[in-house]
Structures are given as structure tokens and as C-alpha cells.
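Reviewing the structure listed below.
The values are calculated or read from the model by the stated rules, or taken from the named source; none is laboratory data. Every value quoted in this text rests on a predicted model; they were computed, and no experiment measured them. Cβ placement follows ideal geometry from the backbone for every residue including glycine, while neighbour counts extend to all protein chains displayed.
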Amino acid sequence: MPVPAIIFPVDPLNPRRPDPHFAWEARLLRELGGEHHLVDHDALLTGRAPEAVRRVPRDSGPLWYRGWMLPSARYADFAAALTARGGNLLTSAPGYAAAHELPGWYGVFEGATPASAWIPSDGPVAPGPQELSAAVARIGGSGPAIVKDYVKSRKHEWHEACYVPELADLPAVGRVVRRFVELQGEFLAGGVVLRRYEEFEHADGAEGAGGSGGAEGAGGSRGSDGGKGDEPGAGGRAVEARVWWLDGRPILVGPHPDAPRRNVEPDLTEVRALVRRLGCRFVTTDLARRADGSGWRVVEVGDGQVSDLPRGIDPSGLLTSLITA
Ligand SMILES: Nc1ncnc2c1ncn2[C@@H]1O[C@H](COP(=O)(O)OP(=O)(O)O)[C@@H](O)[C@H]1O
Ligand SMILES: [Mg+2]
């Protein structure tokens, strides 16, 4: 059986090398006996998928991607362009969308993750007051909440564009949502999501103070998940564990990219069953511990191909699992 290779984004300044952000993973992969290919991320983003994959050899067989986030539609183009060259991305386009976008995974994780409601949008247009009040009602109508889109929040603009102190204050909800949409601009993914705010244990052991600060890294302008642009002073951040799953098995349990030196050992019993039910081959789950000590909550699910790896942990096992999958 052919062994999967991994596709990394190419360095925009050197078409023979992986992007510097992924160079260490590519190097480690080579040391482990794996093979990598390169894709032009900018060409993918601008709808030129056949050109983006021209460095991937024809008939390359099974493939994983490790790279920057892609909108689900662009991932679908990527998968189709590889298929046309005789390659096969092991995460299908529907599988990518299911793990990458909150509405794709929420139904499976409901109850294990903060209650959420979403309002689809066609471009960067804020929802009107009626749509907002209906969404607020769907998550209980009162109490604090956070705002994000189907993929990312603006946690670094916590008070301005992320945290809603009181859902019953609809004008205030509208202000935070409008500012969020304005700042996301053309990068708004899917629509607006409202999630009930829950108190998680924070890095300093304190409870979440409803806005004591953001959380993981900004993801950088190219939108990997975390690892870039971390804000200083992690004191107010929820401690999260990032669990990497392949075919329903946890292949790496590590800290979140924003607090890479923290050791966390979440109980995976419940999450394992949910990941299996989701049915996507390679995903991550970000878990936070409830401030009252009553267990772990799923903050986010992500596609494993575009989740950032914290520096300082050894991903050899993860890469080996991928190339022997
Ligand atoms: N429902 C929630 N309750 C409390 N804190 C939350 C909630 N959702 C998100 N957060 C905090 O905000 C941060 C960013 O939210 P997240 O959903 O992970 O968005 P992003 O995709 O931008 O990382 C999380 O890491 C967590 O600290
Ligand atoms: Mg996150």
C-alpha cells in the first residue's frame, strides 16, 4: 500500500522550501522517513488551485495537508485539483468543513461544549436586530457570551469584539457583533456565532473573570490556529489542552499553542466517543477545565491539518501516525 505524503505550504520567498513556519515539521518528517510536497497557499486562496498544486507529483496517492487554514470552499478546490493529478487528500472536503466550522461539529458535541447559536451570512454583513435576538433566545436569552465566526474569534479584541457581558442587553450584543464583523471584514467565515460564556480554569489558577483577557495566539495573518502573535501576560487565559486525534484515537495530547509549557492531562473518555461519532479522520479538540472543577469542556474542534503545533513538544509520534495511516 502506498504511504501517505504530507503537503506543506511553500515558502513564498523560496519555491523549493516549505514555509518557515512549517520547516521544522517538514524536517522532522524527513528524519522519520516521510516524504513531503509543496503547495502555493496564495494561489489556493485566490482560487487558482490547479496552479497551486503543480509542484505535487502526479499520481502521488494518499496525501495529508499540514498548513495554514483554508476556507472550506478553497479546501474543496484543493482536494479536486489533487484528485485531477492522481492524488488523494485523506480528509475529504466535507470532512474538512465538518471539523473546521462550528456548525459542522456542533451537533455532535452539543452538551459537551458551550451552548451556541449561529447566523449564516453572505459576506461581511452584520445580522439585523431580529436575527440577533432570535439567536440570543436560542442560547437562553441572558448571561454572558462570546462572539466568533464559524472558525475564529477576535479574542485579542476581547472587550470590543468578543465578549458580551449580558445577552439580554441586545443593543450591546449588536455593538460587539457589528464590531466583530467589521474587523473580520472579508475574512468572516460563514457567519456570526454566539456562545454562552462559561467559567474555565485560568493559567494562574483563578476563575475566568469574564474578560480578563484573550486566549490563544492570533493565528497570524495567514490563519493557522494559534502560535503566532500571542499576547503577553498569560495570566487571564483559560488553560487549554489540545488533543490530536487520528481515526478516533488520541495520538498527541499537549498544551495549547499559547501556553506551550503547561502540562495538562484531560480526561478523554467522553470526548473520545464524540470524536468517533464525528467520523473525521484527523481532528483536534481544544479542552478547558471548568473553573468549579467539575470536568472538561470542548472549547473548539478543528481540522488536524490546519491546527498549530505548540513549539517544545515532540510531534514525532503524530507525524509517524500520519504517514502510516
Ligand atoms: N464559551 C466560552 N466560554 C468562556 N471562554 C470562552 C468561550 N469560548 C471561547 N472562550 C475563550 O476564548 C478563547 C477563544 O475562543 P475560541 O473559540 O478558541 O476561538 P479561536 O478560534 O479564535 O481560538 C478560548 O481559547 C477561550 O479562552
Ligand atoms: Mg481557540
Consider region 269-301. How many of its residues are at pLDDT 95 or above and assigned to a loop (DSSP other than H, G, I, E, B)? 3
Does any residue of region 310-321 turn out to be away from ligand 1 (no atom under 16 Å from the Cβ), in a strand (DSSP E or B) and either under 14 Å from the mean Cα position of the chain (by Cα) or farther than 24 Å from Pro103 by Cβ (or both)? no
The number of residues in region 60-69 that are assigned to a loop (DSSP other than H, G, I, E, B) and over 9 Å from Asn88 (Cα atoms) is 4
Restricting to region 131-159, give me the number of residues that are away from ligand 1 (no atom under 14 Å from the Cβ) and under 15 Å from Arg178 (Cβ atoms). 5
Restricting the search to region 4-24, which residues are in a strand (DSSP E or B) and buried (at least 22 other Cβ atoms within 10 Å of the Cβ)? Ile6, Ile7, Phe8, Pro9, Val10, Pro18
Reported set for region 144-187 where residues are of a type in the set (A, V, I, L, M, F, W, C), more than 16 Å from ligand 2 (Cβ to nearest atom) and either surrounded by fewer than 22 Cβ atoms within 10 Å (Cβ to Cβ) or part of a helix (DSSP H, G or I) (or both) is Ala168, Leu170, Ala172, Val173, Val176, Val177, Val181, Leu183
Specify the residue that is nearest to the chain's Cα centre (by Cα); the eligible residues are those in region 271-299 that are within 14 Å of ligand 2 (Cβ to nearest atom) and farther than 27 Å from Asn88 by Cα. Asp286
